[in-house]
Amino acid sequence: MIRRSIGTSVVGLLLVLAGLAAAPAAEAVTAGVQVFALARPDGKHGLQYLSTATSGGTVSYVDVTLPAGTRGSITSPNGSIRTVSPGVLRWKPSSKLTVAVGYRFNVTMRGFVLPSGLGPWGLRFTARSTSGVTLSSGTGYTAAVSVTGTSTVPGTTTTLRYLTKVTRSGTLASVRLYLPASATGSLSTANGSLVRSGSYVTWTPKAPLAVSVGTQLSIPVYNVKLSVYGSINVLAMTARKADGTILANGSGRLPLIAPPASMAPVPVTPIDQPASPCPSAWDSIATENAKPGTGSWVIPTSMNGKMSAYLTQVSATCGQSVDLKVDSGADVTVTAYRMGYYQGLGAREVWTQTQVGTVKQPAPILGGTKDGHNLYSVSAANWSTTLTIPITPDWAPGVYLIRVDDGTTATYAPLTVRDDSGTKHDVLLQQATTTWSAYNNFGGAGFYSTTNPSARLSFDRPYTEGQGSGQFLTLEQGMVFWLESQGVDVTYWTDNDMDEFGGQIASRATNLMMPAHDEYYSTGMRAALSQTIKSGVNVASMGANTVYRKIAFTSSSRRAWDADRWTAGENSTTWKWVGDAYASQPLLGAEYQCPLNGSTMTTGSSWLFNGVTPGTTLPGFIAGEIDYMEPGRYQQPGIATLFAGQGLCRGTRGTKPVTVTAFTAPSGSRVFNASVFSFSCYLVGRCPSTWTVPSPSATSRTAVQTMMTNVLTWISPNDPIERTTPKMPAARVMAPSMPLQANP
């Protein structure tokens, strides 16, 4: 790719030469320069130059002029480009090119934005030979096309109006108009008649019309029923004389953007409060974190081994019990740690039991079928129970890691304890348990397995990531550590809870916060999130790639979920392929782009960076996966771009844009979308070892803590999120940096 500037602007050039039969004599051939304006779905434009060679020879260069004010980027796959003067490009072939009289030049420029207005613009085309002979020269006139609609919501009926200006004088006989994809309806027009043929209609005036250069053409098409889902349509408009001579030609963009999908109502059910002796209210987060902490929760890498364990519930509440299943064969110590701040030590020991006997468990079961398809599901439900753990009033609501240790090897099993007392908190922090499950390869199969990828994912098995914690330690612990260090009134639940109790969110908290990687959503979860925003609860999505995959829990126990891998391959597991209305962007503000290991963020001047010097670099902060506010999808009214940058994707995907967004919904709900994975791990100063910056600097951590404070300040202005012990905390002990299995 070659990039050059045109004054302060640049354009893209692609040159294609096509041969035509030579004319019998040079004097019988005219250049006949024509220039057409083209629109592209990405919002950029193109110009196409057509000209006939009036002399033969070896091409030295081709000069073309552009409308004043053109801007964009430049490309040419078959030659070099340079600017010879403002608004004039010169193309030189990369190899010897000889043309004969009658050969047709076809030069197409792409990747720029034309100045406002429909023209017409008179643009020069000049081709010269190596001996200085003019091979072709002339001026063509072009005008852009504008296509507007009275409605641009898919599924509605609209009036489309096509506008352009004539670039050649003559008697207008017909105008061909391209229609949006899959458009239907009983079409009609004014001052003429319409005949439809496939994807276009031909408008014929009541009587032939004499037009001159610059004459405005405006043709309405009534009763157009738009397609079901949104897109950006590039619609051509061509005006001709009776003999086929083109009087105007070009194309315009018509965005047909699907608004957020309407989801079924989620029942608003009461919270079933635990019976005595469970308390009716719990200690504040500040009081809880004033209790003695410990660093003994950390499992050093020297104790990584083959021991594995899991719990028979992903969450519980006071008064319940959970079963622990361990595969070891040795006596173990089982200790429950509540994760938080605790003087920077990160956890408090709540419960322990020593000399717990274990067995070598049988191999997990791989298999299962559904509708004639193999599920390749791995389940260790056939394991025997090692220990039953009671959730007593000693277990304050929070995030727990159950450490299982035989003195040589150790592993974790994660558990979330809900606050079902009915207390409404400032923040409800969700844990991405369905996503942990998708990336879990225990037993040799998971959603991303290369061979026999699972279509059913079971929670009845240990996690292979995060020393058994799933993606908690790599992507979520930092958020828990920081929120509790600030004394924020935070409570917790899981994806599974959102599916089961989604109608209770407004009763549980003023603000819902989602973690770095909350990708896998059932219909019930998506409906609950949509209803939450409509109810006025604020939402902070502190990651990217959120609400991306579509799943279905298999039973009321929610111990497994399915993904349809057969209807349309990967597309059938993705929410946006249900339709543009179901993409992540209409709901949260931006759409998933790609996975990446880490690119630098340079801070700007939006409210996100209040207190951070503009221009501060955060190496590796654009990491994990990224989101971008795509121009072809629904954008919430008034949505703000707080940061716009780029990240280098893994593999062959190249560089992609990233945008951090925020908007206020009609309900008053404020919605923030972080569009990167890294907030949480920078808060604790320990990012996945597979990223390019596994150990963020103190400067970067301080900047991210300030940004996090700004998010809390913005997200809930009417009912501020109080921080009773605000500080810039540092972890005194940390789990080792661990690899993170990435989205391929």
Response to the item:
Here the residues within region 576-611 that are in contact with a helix residue (DSSP H, G or I) (Cβ under 6 Å, 6 or more places away or on another chain), among the aromatic types (F, W, Y) and crowded, with 21+ Cβ neighbours inside 10 Å are Y582
Practice prompt. Tell me, yes or no, whether region 259-275 has at least one residue that is part of a strand (DSSP E or B) and not aromatic (F, W, Y).
Written response: no
Worksheet entry | Criterion: closer than 30 Å to D331 by Cβ, buried (at least 24 other Cβ atoms within 10 Å of the Cβ) and touching a Phe, Trp or Tyr at 6+ places or on another chain (Cβ under 7 Å) - qualifying residue of L401, L366 | L401
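Look at region 297-313 and say how many of its residues are surrounded by fewer than 15 Cβ atoms within 10 Å (Cβ to Cβ) and either among the basic types (K, R) or in contact (Cβ under 8 Å) with a residue 40 or more places away in the chain (or both).
Residues in region 297-313 being surrounded by fewer than 15 Cβ atoms within 10 Å (Cβ to Cβ) and either among the basic types (K, R) or in contact (Cβ under 8 Å) with a residue 40 or more places away in the chain (or both): 4 in total.
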Practice prompt. Considering every residue within region 21-37, establish whether at least one is in a loop (DSSP other than H, G, I, E, B), at pLDDT 80 or above and among the small types (G, A, S).
Written response: yes
Worksheet entry | Of all residues in region 509-532 being of a type in the set (A, V, I, L, M, F, W, C) and surrounded by 22 or more Cβ atoms within 10 Å (Cβ to Cβ), the one that is farthest from P270 (Cα to Cα) | A516
Discussion item. Closer than 30 Å to G56 by Cβ, touching a residue at least 24 places away in the same chain (Cβ under 8 Å) and among the β-branched types (V, I, T): is that true of T139 in this structure?
Written reply: yes
Discussion item. Condition (residue is farther than 27 Å from A258 by Cα, in the same structural domain as G79 (by TED's automatic domain parsing) and either loosely packed, with under 15 Cβ neighbours inside 10 Å or β-branched (V, I, T) (or both)) applied to region 156-168: is it met by at least one residue?
Written reply: no
Discussion item. Which of the numbered conditions does P720 fail, given that it passes all the others? Conditions: (1) touching a residue at least 12 places away in the same chain (Cβ under 8 Å); (2) outside the structural domain of H425 (by TED's automatic domain parsing).
Written reply: (1)
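This table checks each residue for (1) crowded, with 17+ Cβ neighbours inside 10 Å; (2) under 26 Å from T434 (Cβ atoms); (3) touching a Lys or Arg at 6+ places or on another chain (Cβ under 7 Å).
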residue: C318; (1), (2), (3): yes, yes, no
residue: Y342; (1), (2), (3): yes, no, yes
residue: T354; (1), (2), (3): no, no, no
residue: T358; (1), (2), (3): yes, no, no
residue: V378; (1), (2), (3): yes, yes, yes
residue: P393; (1), (2), (3): no, no, no
Fill in: Positions within region 505-533 being under 24 Å from P657 (Cα atoms) and either basic (K, R) or not assigned by TED's automatic domain parsing to the domain that holds E476 (or both), in sequence order
none
Worksheet item: Can you pull out the residues in region 101-145 that are surrounded by fewer than 16 Cβ atoms within 10 Å (Cβ to Cβ) and in a loop (DSSP other than H, G, I, E, B)?
Response: P115, S116, G117, T130, S131, G132, V133
Fill in: Sole residue being in the same structural domain as Y582 (by TED's automatic domain parsing) and within 28 Å of K727 (Cα to Cα), chosen from G502, G466, G536
G466
Worksheet item: For the subset of region 620-634 comprising residues that are touching a residue at least 60 places away in the same chain (Cβ under 8 Å) and either part of a loop (DSSP other than H, G, I, E, B) or β-branched (V, I, T) (or both), which member is surrounded by the fewest Cβ atoms within 10 Å (Cβ to Cβ)?
Response: P631
Fill in: In region 73-96, the residues that are in a loop (DSSP other than H, G, I, E, B) and either surrounded by 15 or more Cβ atoms within 10 Å (Cβ to Cβ) or touching a residue at least 40 places away in the same chain (Cβ under 8 Å) (or both)
S73, I74, T75, S76, P77, N78, P86, G87
Item to complete: Scan region 551-574 residue by residue and report those that are within 19 Å of the chain's Cα centre (by Cα), surrounded by fewer than 22 Cβ atoms within 10 Å (Cβ to Cβ) and under 18 Å from L457 (Cβ atoms).
Response: E570, S572, T574
Worksheet item: Taking into account only those residues within region 483-534 that are more than 18 Å from G668 (Cα to Cα) and among the β-branched types (V, I, T), which is nearest to the chain's Cα centre (by Cα)?
Response: T523
Worksheet entry | Whichever residue in region 63-72 is touching a strand residue (DSSP E or B) at 6+ places or on another chain (Cβ under 8 Å) and not β-branched (V, I, T) and, among such residues, is surrounded by the most Cβ atoms within 10 Å (Cβ to Cβ) | L66
Response to the item:
Scanning region 438-487 for residues that are more than 18 Å from M707 (Cα to Cα) and acidic (D, E), the one surrounded by the fewest Cβ atoms within 10 Å (Cβ to Cβ) turns out to be D460
Discussion item. So, K325, is that one surrounded by fewer than 16 Cβ atoms within 10 Å (Cβ to Cβ) and more than 19 Å from W493 (Cβ to Cβ) or not?
Written reply: no
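The values are calculated or read from the model by the stated rules, or taken from the named source; none is laboratory data. Bear in mind that the values here come from a model prediction, so they are computed numbers and not experimental data. Don't worry about glycine lacking a Cβ; one is built from the backbone with ideal geometry, like all the others, and counts go over all protein chains shown.
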